[in-house]
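*Asks:* Structure below; questions to follow.
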Amino acid sequence: MSHIITVKCDTCGHKFDIDIDNYDIEWELADSFDHGDNAMGEENHFEAVIEEECPVCHETINVNLNIWEYPVGAYNDQNVEVEGADKVNACDISYFSPIGE
């Protein structure tokens, strides 16, 4: 299974694929929220950034990977955001989840 994110550069319009299998993804805890006594405890948001360069104009493209766990230890949600390009297509990033490491 490939893990491809397709982007279109904001600067030159070139469309290209970023294969996130080629990166050593380093997750960081971005924030944490305690839902209190009436919920299921703490929710954690992890994020990682992949920096890529457009192969045509060499502009920097940042792919921001986000994964949430809630309750702790359980995968909850994911999101892929792109800066410097339009996201054309994104893959499922749950394979790379830091939850349970």
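The values are calculated or read from the model by the stated rules, or taken from the named source; none is laboratory data. Small disclaimer: the values here were computed from a predicted structure and weren't measured. Neighbour counts are summed over all protein chains in view; Cβ atoms, including those assigned to glycine, are modelled from backbone coordinates with ideal geometry.
*Asks:* For region 58-101, name all the residues that are charged (D, E, K, R), surrounded by 13 or more Cβ atoms within 10 Å (Cβ to Cβ) and within 30 Å of G41 (Cβ to Cβ).
*Replies:* Result: E69, E81.
*Asks:* Based on what the data block shows, is C12 loosely packed, with under 15 Cβ neighbours inside 10 Å, at pLDDT 95 or above and not small (G, A, S)? Spell out the reasoning first.
*Replies:* Working: loosely packed, with under 15 Cβ neighbours inside 10 Å: yes; at pLDDT 95 or above: yes; not small (G, A, S): yes.
Considered against the rule, which asks whether it is loosely packed, with under 15 Cβ neighbours inside 10 Å, at pLDDT 95 or above and not small (G, A, S), C12 comes out as yes.
*Asks:* Condition (residue is touching an Asp or Glu at 6+ places or on another chain (Cβ under 6 Å) and of a type outside the set (D, E, K, R)) applied to region 86-96: is it met by at least one residue? Write out each step before concluding.
*Replies:* Start the filter on region 86-96 by keeping residues that are touching an Asp or Glu at 6+ places or on another chain (Cβ under 6 Å), which leaves none.
Scanning region 86-96, I find no residue that is touching an Asp or Glu at 6+ places or on another chain (Cβ under 6 Å) and of a type outside the set (D, E, K, R), so the answer is no.
*Asks:* Give region 5-28 a look and list any residue that's touching a strand residue (DSSP E or B) at 6+ places or on another chain (Cβ under 7 Å), farther than 21 Å from H45 by Cα and among the hydroxyl-bearing types (S, T, Y), or say none.
*Replies:* Correct list: T6 only.
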